[in-house]
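The values are calculated or read from the model by the stated rules, or taken from the named source; none is laboratory data. It should be emphasised that the depicted structure is a prediction, and the values quoted were computed from it without experimental measurement. Here Cβ is always computed from backbone atoms with ideal geometry, including for glycine, and neighbour counts include all displayed protein chains.
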Amino acid sequence: MEYPNKKSKAYRITFCAGLAALALVFSYIELLIPFFAAVPGIKLGLANLVILTALYKLGFTDALIIDMVRVLAAGLLFSGIFGMLYSLAGALLSLLIMYGLMRTGKFSVIGVSMAGGVFHNFGQLVMAALLVSTPEVFIYLPALMISGILSGAVIGTVAYIIIKRVSFPSLT
């Protein structure tokens, strides 16, 4: 498949906007899925499928832009300012960790995703502790680490399949 004018700035912006919209749709779908857990904040992290794929296929900068657009839009549309702050903390920490691990070349996509899930939850807990001025929120840490590992494994497996089978345009 040939992509139009790969080097144009408009094409890059449009392509990344499409991926941000897809991540936003995944965020919304996740809201619709009833998930009852004893620990607040446990989710599958469907939007991270787009972010992880973008990280491997497009690079850190594009993945960061896509993730920030998704976080801000989802916050404005679905979760409000506090939800946006939690998501922002988790998304930034997760992406930085995933990028660092990916660059080492020592971790599989699944391992990178699992670390991303764990650190996303950790980032949200740190933000919660700062916002409510209490470290008691870290009582949820063990359950959130387990959920981060499990959801990261699922998302990482699907991302691995996408990364291997779907061709992305070169945006440079």
Based on what the data block shows, is residue 43 basic (Lys, Arg) and either closer than 14 Å to residue 151 by Cβ or in contact with a strand residue (DSSP E or B) (Cβ under 7 Å, 6 or more places away or on another chain) (or both)?
-> yes
Of the candidates 69, 132, the one satisfying the condition of being among the hydrophobic types (A, V, I, L, M, F, W, C) and within 13 Å of the chain's Cα centre (by Cα) is 69
All but one of (1) touching a helix residue (DSSP H, G or I) at 6+ places or on another chain (Cβ under 7 Å); (2) basic (Lys, Arg); (3) at pLDDT 95 or above; (4) over 28 Å from residue 137 (Cβ atoms) hold for residue 106; which doesn't?
-> (1)
Pairs returned, first residue in segment 81-97 that is modelled with pLDDT of 95 or more, second residue that is assigned to a helix (DSSP H, G or I) and among the acidic types (Asp, Glu), beta-carbon separation under 7 angstrom, 6 or more apart or interchain, are 91/67; 95/67
Can you tell me which residue in segment 48-75 is surrounded by the most Cβ atoms within 10 Å (Cβ to Cβ), limited to those that are in contact with a helix residue (DSSP H, G or I) (Cβ under 7 Å, 6 or more places away or on another chain), closer than 25 Å to residue 163 by Cα and not aliphatic (A, V, I, L, M)?
-> 48
From the list 50, 69, 39, which residue is part of a loop (DSSP other than H, G, I, E, B) and in contact (Cβ under 8 Å) with a residue 12 or more places away in the chain?
-> 39
Conditions (1) surrounded by 20 or more Cβ atoms within 10 Å (Cβ to Cβ); (2) in contact with a Cys (Cβ under 7 Å, 6 or more places away or on another chain) -> residue 87 fails only (2)
Looking at (1) touching a helix residue (DSSP H, G or I) at 6+ places or on another chain (Cβ under 9 Å); (2) modelled with pLDDT under 95; (3) within 20 Å of residue 158 (Cα to Cα), can you tell me which one residue 78 breaks?
-> (3)
Could you say whether any residue in segment 136-147 is modelled with pLDDT of 95 or more and either crowded, with 18+ Cβ neighbours inside 10 Å or in a loop (DSSP other than H, G, I, E, B) (or both)?
-> no
Taking residue 163, is it part of a helix (DSSP H, G or I), under 20 Å from residue 20 (Cα atoms), touching a Phe, Trp or Tyr at 6+ places or on another chain (Cβ under 6 Å) and touching a residue at least 60 places away in the same chain (Cβ under 8 Å)?
-> yes
